[in-house]
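Take a look at the structure below.
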Amino acid sequence: MRILLVEDESAIADTVLYALRAEGFEAVHCLTGGEALREAGRTPFDLAVLDVGLPDIGGFALCRELRRERDLPVIFLTAQNAEADRILGLEIGADDYVTKPFSPRELATRVRVVLRRAGGNGNGGSVAATEPEPGFAHDSEGKRIRYRGQALDLTRYEYGLLAALLQRPGAVLSRAQLMDRVWGDALDSGDRTVDTHIKTLRAKLREVDAEADPIRTHRGLGYSLDNG
């Protein structure tokens, strides 16, 4: 696994690089956002660790640029007590954040966890690019779901519906059960609401894998999910 570290403080970067390489990762360090973009343009990375307070582009803007071409897991490094930075980072899709000062070994562990959650093997070995990742990966705290290693761009109700099915893979949930779990007190919604959102969910899943159809329809009963 190749890790991109973008940190303008060399002393911090050196300790992080040591910890990552000790865990078997291939880590590349860049001092600025511009340098990182050039490096990422030459060769792909599996995860990026970005300092929010970079001198040129800035961590959040750099994250957006890095994600223009592919979905890239990102961990932000933020200043102590910078709550606004942490909130903004999570809003733009950060997979995790670490507050300075931090333990380099803890950061290396978080890198491994995020890679595993994103569908990578997280053990420093490479994954064949042509081999699709199996099933779903659900980050309930971040309210994000990946399918075959790719993050799904879901609306609020699409996420709730898929999360409800993921809680009990293989179990048949009726439309009424799904309405109660996802739409709650939305009295103006009906059974057709569930069917419509199932349709849009299937379309987004087919964008990832055109051959797969993990959502099963059980006529007169409801829906189930195959997480294989």
Search result, residues across the range 1-38 that are outside any helix (DSSP H, G or I) and more than 23 Å from the chain's Cα centre (by Cα): ASP8, GLU9, LEU31, THR32
Taking only pairs six or more apart or across chains, which ones have beta-carbon atoms under 8 Å, a first residue in the range 59-71 that is modelled with pLDDT under 85, and a second residue that is part of a loop (DSSP other than H, G, I, E, B)? ARG70/PRO44
Quick one: SER189 ticks every box in (1) part of a loop (DSSP other than H, G, I, E, B); (2) among the hydroxyl-bearing types (Ser, Thr, Tyr); (3) at pLDDT 90 or above except a single one, so which number is it? (3)
With the structure loaded, tell me whether GLY41 is over 20 Å from the mean Cα position of the chain (by Cα) and surrounded by fewer than 21 Cβ atoms within 10 Å (Cβ to Cβ) or whether it fails that test. yes
Give me the pairs: first residue in the range 202-228 and in contact (Cβ under 8 Å) with a residue 24 or more places away in the chain and closer than 23 Å to ARG70 by Cβ, second residue open to solvent by 50 Å² or more (accessible area, probe 1.4 Å) and in a strand (DSSP E or B), beta-carbon distance under 8 Å, and six or more apart or on different chains, which are they? VAL208/GLN150
Looking at (1) modelled with pLDDT of 85 or more; (2) surrounded by 16 or more Cβ atoms within 10 Å (Cβ to Cβ), can you tell me which one GLU133 breaks? (1)
Going through the range 51-69 one residue at a time, which ones are over 16 Å from the mean Cα position of the chain (by Cα), open to solvent by 40 Å² or more (accessible area, probe 1.4 Å) and closer than 20 Å to VAL98 by Cβ? GLY53, PRO55, ILE57
The number of residues in the range 20-32 that are open to solvent by less than 70 Å² (accessible area, probe 1.4 Å) and within 15 Å of LEU47 (Cα to Cα) is 7
Read through the list (1) modelled with pLDDT under 95; (2) on the phi < 0 side of the Ramachandran plot, then give the number of the only condition that HIS29 fails. (1)
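Quick grid of which residues meet (1) at pLDDT 90 or above; (2) more than 18 Å from GLY149 (Cα to Cα); (3) more than 25 Å from the chain's Cα centre (by Cα); (4) open to solvent by 70 Å² or more (accessible area, probe 1.4 Å):
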site: ALA164; (1), (2), (3), (4): yes, yes, no, no
site: ASP195; (1), (2), (3), (4): yes, yes, yes, no
site: VAL208; (1), (2), (3), (4): no, no, no, no
site: PRO214; (1), (2), (3), (4): yes, no, no, no
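Residues checked against (1) open to solvent by less than 30 Å² (accessible area, probe 1.4 Å); (2) modelled with pLDDT of 85 or more; (3) not β-branched (Val, Ile, Thr); (4) not in a strand (DSSP E or B):
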{"site": "ARG110", "(1), (2), (3), (4)": "no, yes, yes, yes"}
{"site": "VAL113", "(1), (2), (3), (4)": "no, yes, no, yes"}
{"site": "VAL127", "(1), (2), (3), (4)": "no, no, no, yes"}
{"site": "GLU158", "(1), (2), (3), (4)": "yes, yes, yes, yes"}
Filter the range 167-180 for residues that are surrounded by fewer than 17 Cβ atoms within 10 Å (Cβ to Cβ) and aliphatic (A, V, I, L, M); the one that is farthest from ILE145 (Cα to Cα) is ALA176
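The values are calculated or read from the model by the stated rules, or taken from the named source; none is laboratory data. What you see is a predicted model, and the numbers here were worked out from it, not measured in a lab. Positions of Cβ are generated from backbone atoms using ideal geometry, with glycine treated the same way; all protein chains shown enter the neighbour counts. These area figures cover heavy atoms from the full protein model, side chains too; ligands, DNA and RNA do not enter into them. Shrake-Rupley method; radii C 1.70, N 1.55, O 1.52, S 1.80 Å.
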